[in-house]
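Peer 1: I have a structure here, written as structure tokens, and I will follow up with some questions on it.
The values are calculated or read from the model by the stated rules, or taken from the named source; none is laboratory data. Model, not experiment: these values are computed from the prediction. Virtual Cβ from ideal backbone geometry, glycine too; neighbours counted across all protein chains shown.
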Amino acid sequence: MTPPLSRPSRRCAIPTKIKILLSVLVVMAAAAIAWTDFTGPRPDLGYIVVAIAAVMLLGLWIFPEAGGGKPTKRSR
């Protein structure tokens, strides 16, 4: 029998080292793509790339991870 689903504990969260690595990769990729867009014929696309990268980083660091699972029933 499988254990019941519950809220994730703090130790199940993404480790800070992994978050930092992902952040660096996102910034490097966004910088490379934005640079090619800014130097090309349509520099407005570079702003879109920067905005998407900012939202990705905001979501990684600010918003909590999804808990998943079914909510427990409350007894009356």
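Peer 1: Is there any pair with a first residue in segment 9-31 that is at pLDDT 95 or above and a second that is in a helix (DSSP H, G or I) and of a type in the set (Val, Ile, Thr) whose Cβ atoms are under 8 Å apart and which are 6 or more apart or on different chains, and what are they?
Peer 2: Ala30/Val49; Ala30/Val50; Ala30/Ile52
Peer 1: Go through segment 28-62 and count every residue that is in a helix (DSSP H, G or I), closer than 20 Å to Lys17 by Cβ and not small (Gly, Ala, Ser).
Peer 2: 6
Peer 1: If a residue has to be surrounded by 10 or more Cβ atoms within 10 Å (Cβ to Cβ) and outside any helix (DSSP H, G or I) to count, how many in segment 13-27 make the cut?
Peer 2: Narrowing segment 13-27 to residues surrounded by 10 or more Cβ atoms within 10 Å (Cβ to Cβ): 13-14, 18-27.
When the remaining residues are screened for being outside any helix (DSSP H, G or I), the result is 13-14.
Result for segment 13-27: 2.
Peer 1: Tell me, yes or no, whether segment 38-51 has at least one residue that is surrounded by fewer than 13 Cβ atoms within 10 Å (Cβ to Cβ), modelled with pLDDT of 95 or more and within 13 Å of the chain's Cα centre (by Cα).
Peer 2: No, segment 38-51 contains no residue that is surrounded by fewer than 13 Cβ atoms within 10 Å (Cβ to Cβ), modelled with pLDDT of 95 or more and within 13 Å of the chain's Cα centre (by Cα).
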